[in-house]
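The values are calculated or read from the model by the stated rules, or taken from the named source; none is laboratory data. Keep in mind that this is a model prediction, so the values were computed, not measured. Neighbour counts run over all protein chains shown; Cβ positions are idealised from the backbone, glycine included.
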Amino acid sequence: MIVAASILSADFSRLGEEIEFINQSKADWTHVDIMDGVFVPNISFGFPVIESVKHLCSKPLDVHLMVVEPGKFIQQVKSLGTETMCVHYEACTHLHRTIQQIKENGMKAAVALNPHTPVSLLEEIICDLDMVLLMSVNPGFGGQKFIPSTLDKIKKLKKLISEHGCNTLIEIDGGVNHDTALLLKEAGADVLVAGNFVFRANDPAQSVQFLKEL
């Protein structure tokens, strides 16, 4: 299992220390949620904050843009040293073009789907994607309750990927914990985004290890 530790749930007053924890942990990626308060009803942090700490991150950056017109920010996301840039299907009028531009800038391309968005809408571009992120909560806030229908959605997506002979990864964001993690793996998830489950735990390192050993 690939584990992406989400700094959205970190203690921002000691963000450098929290990032160093990720560096020293068994987490594979550092997951960064950028929200604009328009596409989702919350604002997280902008590019200046990430710019100030990017030199501290030794794990690959997995940047998830929950913003309108994400294509405007490809160059800025690239400048952070990002490995994977994720945009929302619902925010992109010309999704294929955005995916091409992400790849032309040397990043892996991922597309996120909100809970209400069917995976079938990705059929024409599934093999162009390095990863699909399924939101298992409504985007915007951490600590929400897991949406059980996500499990069926993962299976449908796994089938779509298999039918097209692609190597697209499936990432899950929202409600990952002791109860849901194994179910997500069994359904076919490849990557788990862990926020509160890690940073609100009594032993964050043990939480990461639990996910890695699924």
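Being in contact with a Leu (Cβ under 8 Å, 6 or more places away or on another chain) and β-branched (Val, Ile, Thr) holds for only one residue in Thr98, Thr117, Thr82, and it is Thr82.
Conditions tested, residue by residue: (1) within 14 Å of the chain's Cα centre (by Cα); (2) at pLDDT 95 or above.
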{"residue": "Val3", "(1), (2)": "yes, yes"}
{"residue": "Leu8", "(1), (2)": "yes, no"}
{"residue": "Phe12", "(1), (2)": "no, no"}
{"residue": "Glu20", "(1), (2)": "no, yes"}
{"residue": "Ser25", "(1), (2)": "no, yes"}
{"residue": "Gly37", "(1), (2)": "no, no"}
{"residue": "Phe47", "(1), (2)": "no, no"}
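Annotation note: of Leu157, Leu134, the sole residue that is modelled with pLDDT of 95 or more, touching a strand residue (DSSP E or B) at 6+ places or on another chain (Cβ under 7 Å), surrounded by 22 or more Cβ atoms within 10 Å (Cβ to Cβ) and over 22 Å from Asp36 (Cβ atoms) is Leu157. Name the single residue that is modelled with the highest pLDDT among those in region 142-154 being out of contact with any strand residue (DSSP E or B) (no Cβ under 9 Å at 6 or more places or on another chain) and among the charged types (D, E, K, R). Of everything passing the filter in region 142-154, Asp152 is modelled with the highest pLDDT. Checked against the criteria, Ser149 counts as surrounded by fewer than 18 Cβ atoms within 10 Å (Cβ to Cβ) and within 22 Å of Glu186 (Cβ to Cβ). Just to be sure, is Leu160 assigned to a strand (DSSP E or B), touching a residue at least 40 places away in the same chain (Cβ under 8 Å) and touching an Asp or Glu at 6+ places or on another chain (Cβ under 7 Å)? Answer is no for this residue. Mind checking whether some residue in region 90-107 is touching a strand residue (DSSP E or B) at 6+ places or on another chain (Cβ under 8 Å), surrounded by fewer than 17 Cβ atoms within 10 Å (Cβ to Cβ), under 20 Å from Ala4 (Cα atoms) and not polar (S, T, N, Q)? No: region 90-107 contains no residue that is touching a strand residue (DSSP E or B) at 6+ places or on another chain (Cβ under 8 Å), surrounded by fewer than 17 Cβ atoms within 10 Å (Cβ to Cβ), under 20 Å from Ala4 (Cα atoms) and not polar (S, T, N, Q). Only one entry of Leu192, Leu211 meets the criterion of being of a type in the set (A, V, I, L, M, F, W, C), part of a strand (DSSP E or B), under 30 Å from Gln24 (Cβ atoms) and in contact (Cβ under 8 Å) with a residue 60 or more places away in the chain, and that entry is Leu192. Against the criterion of being in contact (Cβ under 8 Å) with a residue 60 or more places away in the chain and either part of a loop (DSSP other than H, G, I, E, B) or touching a Phe, Trp or Tyr at 6+ places or on another chain (Cβ under 9 Å) (or both), Ala201 does not qualify.
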